[in-house]
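Every read-out reported here was derived from the displayed coordinates using simple, explicitly stated rules and does not represent laboratory data. Remember, it's a predicted structure, so these values are computed and weren't measured experimentally. Backbone-built Cβ (ideal geometry, glycine too); neighbour counts: all protein chains shown.
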Amino acid sequence: MKKRVFRRFRYRSCDAMACFLEEMAGKGWGFSGWRWGMVFEREAPAAACYDVEVFPKGSEMDLRPSEAAQEYAEYCREAGWELIDSRKKFCVFRRIKEDAVPIVTPAERFQNVKSAEVREYLTRFFSQFFLTALLWGQFLTSSFLNWIFDDFMVFMMFVYLVAFIGTLAEGLALLVWLRRMKGELENGGNPFYGCKGKCRKAKYRWDVFAEGQFIFLIVLTLAAVYQAVRNGRFVVILVLAAALLIIGGSSILVSVLRPSREEHWAIQLGSAFLFPISVIILCLAVIAPDEARGAGSGGWPEVPLVQTDYKEITGKIFDIRREQGQSVMGSVNNSMVVYETNAGDTDTISYTVYTSNYDWVLDRIWGRQTRKAEGAEDVSASWDAEIALRSTSPVTTYTVRYPGQILVMWVTPDALDQTQIRTVREKLALP
């Protein structure tokens, strides 16, 4: 009879892991190894003694004993300890001799745990830093106008930032822990790695903090599903579900089959290429603005302003497009109307209205929209606005700012007169 326990231990909790295995042995469950969780086999209750060591020559890619670990096991067997199994840098030993001697000295053990913990933390820190810097760099530059008015992206930016701050806090906690363990060792003590007794509640709090990455992924996934449902993109949910099934299934398969270090590296490298591509596809599908586009006469989406509202024009509508976005930071509404005149020419207007209660948002939008407006004419009086600029290259473009709103509009072929401007303001509900 076998039993699986899904419990994760950190390198700094190797003694707590040994205590857990001894408790399970006392209940009649002997640890046999890792295969999709910790596997225990039914046996007679016994007062077994386990020792969990951090093997310095181990790798995070090891899912089974490597050649170096097997050689290490032969040395430990002579000392009275039998290797049960190893995973990553963990090596689990069971005492087979009553006079067994410690496998390593307290100083060596501290160095092994310290090296493994620091390396594991730095790997996560730099990956988190890279992703956070990449995302925020994209947000603060080319993608600001799109992402700031999308709840999902605003939420993702916030969660990424909180996750990174949590990673920094975890690093500080690790430094404090290392200093405390080193001090105890220098005072002649033999540090216990893990929590026991009164610190169990603190351990549970630490587990939640340490597993923040997984909580982050769950929250982000739920947010993506919510956004997809809100936008009616149920295909995204199916794609996401399929991706999760593939990732989860492959993780279980890898855990059961336990490939070699080299094979595991190849799998991880493949995932490293596929995962970012999947995330990009998911984000593009989920955060794409709500776009309405007609299919022909009578099927055009409703827009607040068309050419016939402010001037006479002959012909018919050739195309209408409308995109909308909204978040806690404000909203954006973009429309484009193309008329095909009887003379065979086209008359096009495109206008975007940004609305926000936050001046810094509008300031950034204004800066991005006017950074190439050198030589633009000031037409603030015509628009009765805080500031309004008109440029004529390559088309007539108006960039107008009101309290809480910014209008960016370009028209062809002619500029707007005062009466037309008044009509535009009324139709677009501008101040």
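Subtracting the Cα-Cα distance of Val162 and Ile96 from 0.36 nm times their residue separation leaves 19.0 nm of extension gain. If R0 is 45 Å, the Cβ-Cβ spacing of Glu302 and Phe6 corresponds to a FRET efficiency of close to 0.25.
In this calculation the C-beta distance from Ala133 to Ile387 is compared with R0 = 45 Å, giving a FRET efficiency of 0.85.
The trypsin sites (Lys or Arg not before Pro) found in region 344-415 that occupy coil by DSSP, while having at most 13 further C-beta atoms within 10 Å, are Arg371, Lys372. For region 68-102, the residues whose amide N sits under 19 Å from a probe point set 7 Å from the Cα of Ser260 along the beta carbon direction are 68-73, 86-89. With 5 Å bins beginning at zero, the pair-distance distribution over Cα atoms of region 24-69 amounts to 5, 18, 22, 21, 16, 12, 6 %. Solvent-free Debye calculation, one equal scatterer per alpha-carbon of region 1-160: log10 I(q)/I(0) at 0.13 Å⁻¹ equals -0.69. For region 106-210, the Cα-based Rg and Dmax, in that order, read 18.7, 60 Å.
The HN-Hα couplings worked out from phi for region 253-259 by the Karplus form 6.51 cos²θ - 1.76 cosθ + 1.60 (θ = phi - 60°) are 4, 5, 5, 7, 6, 6, x Hz, whole numbers, x standing for Gly and Pro. Cα centroid separation, region 143-183 to region 23-76: 34 Å. In order along region 82-91, phi translates into HN-Hα couplings of 9, 6, 8, 6, 9, 8, 6, 9, 7, 10 Hz, rounded to whole numbers, per the Karplus curve 6.51 cos²θ - 1.76 cosθ + 1.60 with θ = phi - 60° and x for Gly and Pro. Counting neighbouring Cβ atoms within 10 Å and putting the fewest first, the residues Ile406, Ile387 line up as Ile387, Ile406. In this label model, Lys57 and Leu185 are separated by 2.1 nm, measuring between points 7 Å along each Cα→Cβ vector. In this label model, Asp363 and Leu269 are separated by 4.8 nm, measuring between points 7 Å along each Cα→Cβ vector.
Both radii are taken from the alpha-carbon atoms of region 291-427; with Rh as the Kirkwood radius, Rg/Rh is 0.97.
Grab the beta carbon distance between Lys27 and Thr346, set R0 = 60 Å, and tell me the FRET efficiency rounded to 0.05. The computed FRET efficiency comes out at 0.15. Multiplying each eigenvalue of the alpha-carbon gyration tensor of region 70-146 by 5 and taking the square root yields semi-axes of 46, 12, 7 Å, largest first, rounded to whole angstroms.
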